[in-house]
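This report refers to the structure that appears directly beneath it.
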Amino acid sequence: MDTSSTPRPLLGQILVKTGLISAHDLASALEEQKQSGGEQRLGEILYRRGRIGFTMLSWALKNQSPEAA
């Protein structure tokens, strides 16, 4: 199956949609990412802030792949 044209879901959208973080948590983390010039990854920011654990981050990243859709 060709998944090259299927956009993968964004990590933040997955986390908010499943209730693992709030929309406010996402907006705040995205602002920090923007302030860093994009050098920090969203998952790293949320993990460092204690908003998600390693297991939740791993699960969301797996669900971000087109094969999981």
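The values are calculated or read from the model by the stated rules, or taken from the named source; none is laboratory data. Predicted model only: the values in this text are computed from it and were never measured. Surface areas here come from the heavy atoms of the whole protein model, side chains and all, with no ligands, DNA or RNA. Shrake-Rupley method; radii C 1.70, N 1.55, O 1.52, S 1.80 Å.
Key figures
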| item | result |
| --- | --- |
| The chain: translational diffusion in µm²/s, Stokes-Einstein, Kirkwood Rh over Cα pairs, 10 °C, 1.306 mPa s | 126 µm²/s |
| Mean accessible surface per residue for the chain, computed with a 1.4 Å probe while every protein chain stays in place, in Å² | 72 Å² |
| Angle between the chain longest axis and helix 54-64 axis [Cα atoms, degrees, rounded to 10] | 40 degrees |
| Cα long-axis angle, helix 23-35 against the chain (0 to 90 degrees, to the nearest 10) | 80 degrees |
| Over the chain, relative contact order from alpha-carbon pairs under 8 Å, at least 6 apart, % | 43 percent |
